[in-house]
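Accompanying notes for the structure given below.
Derivation of every value follows stated rules applied to the coordinates shown; laboratory data play no part. For clarity, every value in this text was computed on a predicted model and none was experimentally measured. Using ideal geometry, Cβ is built from the backbone for each residue, glycine included, and neighbour counts are taken over all protein chains shown.
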Amino acid sequence: MKNVALITGASTGIGRELAIIHAKSQGDLVLVARRKHLLDSLADDLREKYKISILVKEMDLAKIESGTRLAEELIKENIHIQYLFNNAGFGGYGEFIERNISQDLSMIQLNVCCLVELTHAIAKQMTQNGGGMILNTASTAGFIPGPLQATYFATKAFVVSFSQALDQELRKKGVTVTALCPGPVQTEFIDVAGMSKSKLFEGAKTASYTAKKGYNAMLKKKLICISDPPFYFLINYLMWLVPRRTILRIIEKLQRIN
Ligand SMILES: NC(=O)c1ccc[n+]([C@@H]2O[C@H](COP(=O)([O-])OP(=O)(O)OC[C@H]3O[C@@H](n4cnc5c(N)ncnc54)[C@H](OP(=O)(O)O)[C@@H]3O)[C@@H](O)[C@H]2O)c1
């Protein structure tokens, strides 16, 4: 396999679109998610259109140490990853103490632990093989605390912070890290998070638009990509002028469904 990209959460949404973009550039793919039938049909389609090699891995990445297991499997199969897309993730709506704690712990396991494990194993391999690029799908949620999605916002704050620090450590070794920070995107994420009635997703961007922005930012070796222009302005300029408690009240109000 050549120019290999590993994409987690490639069965739908942003991850699926990242796979299509990489395939168009003649790069090979390792596609990972739980729903094998979706990965298989995407892989068949892309193989036929672009004559590339694709490996499908059906895996629940919210299981403890699944990221490490996946990296070990790839090393055993002698697959060298040049592009790592840590994209799989999910959110969950509701007051923290009313939520099922096992859901939030799974979220941390997938959004944070799996990303850290995969990055640790694969970034090291990239430095030994002469370089690579990493795109971590974070969120604009990573820049603000999120009442009614407290755990989700915190997982994305981790990704934003972690990505920037790693880019500083790894850039001199030929590996760059970009954090893709979308605003609302029209994907299955909305239903999975229990937010289908939320007004927040009115006017949401498409997965294809968001993936293109992220992929290009990665190629340009950008540190952060806030893919939705109004959010870029809000996060980089406006937010700093508003008191913290006011921001918390606004976010809570925006997110509340009933
Ligand atoms: N949509 C938004 O508004 C939005 C905004 C900002 C950031 N994001 C972030 O963007 C990323 C992609 O989400 P999306 O919007 O494209 O939503 P999506 O369509 O729901 O995609 C999520 C992907 O993650 C996979 N996944 C979920 N749980 C998994 C598990 N336990 N093991 C392996 N794979 C798992 C899903 O595949 P299977 O179900 O087949 O496993 C799917 O491919 C996430 O990190 C999300 O937090 C989304």
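The table that follows gives values for the structure above.
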item	result
Cα-based helix-to-principal-axis angle, 244-255 vs the chain, degrees rounded to 10	80 degrees
Region 5-255: relative contact order in percent, alpha carbon pairs under 8 Å with at least 6 residues between	19 percent
T127, T187, T246 arranged by Cβ crowding within 10 Å, fewest neighbours leading	T246, T127, T187
Residue order, fewest to most beta carbons within 10 Å, for C181, C225	C225, C181
Proximal aspartates and glutamates to K49, defined as alpha-carbon separation beneath 16 angstrom and excluding residues fewer than eight positions away on the same chain	E17, D28, D40
Interchain or long-range residues, amide H under 5 Å from L148's placed H	F96
³J(HN,Hα), Karplus 6.51/-1.76/1.60, whole Hz, each residue of region 60-73, x for Gly, Pro	8, 7, 8, 7, 4, 6, 5, x, 5, 4, 4, 4, 5, 4
Alpha-carbon centroid distance for the pair region 1-73 / region 137-191, whole angstrom	21 Å
Amide H contacts of I224 (H built 1.01 Å from N, under 5 Å, at least 5 apart or other chain)	A179
5 angstrom amide H check on V30, placed H, neighbours 5+ away	A5, L6, I7, L55
Expected 222 nm ellipticity per residue - DSSP helices of 4 or more, -39500 (n - 2.57), all of the chain, to 500	-14000 deg cm²/dmol
Spin-label model distance (nm) - W240 vs K49, 7 Å beyond Cα toward Cβ	4.1 nm
Taking the C-alpha atoms of the chain, convex hull volume expressed per residue in Å³	119 Å³
Exceeding the 31 Å Cα-Cα cut-off - candidates K124/K205; K57/K173; K76/K173; K63/K220; K51/K199; K36/K172	K124/K205; K63/K220; K51/K199; K36/K172
Likely footprinting exposure, S196, S106, fewest C-beta neighbours within 10 Å first	S196, S106
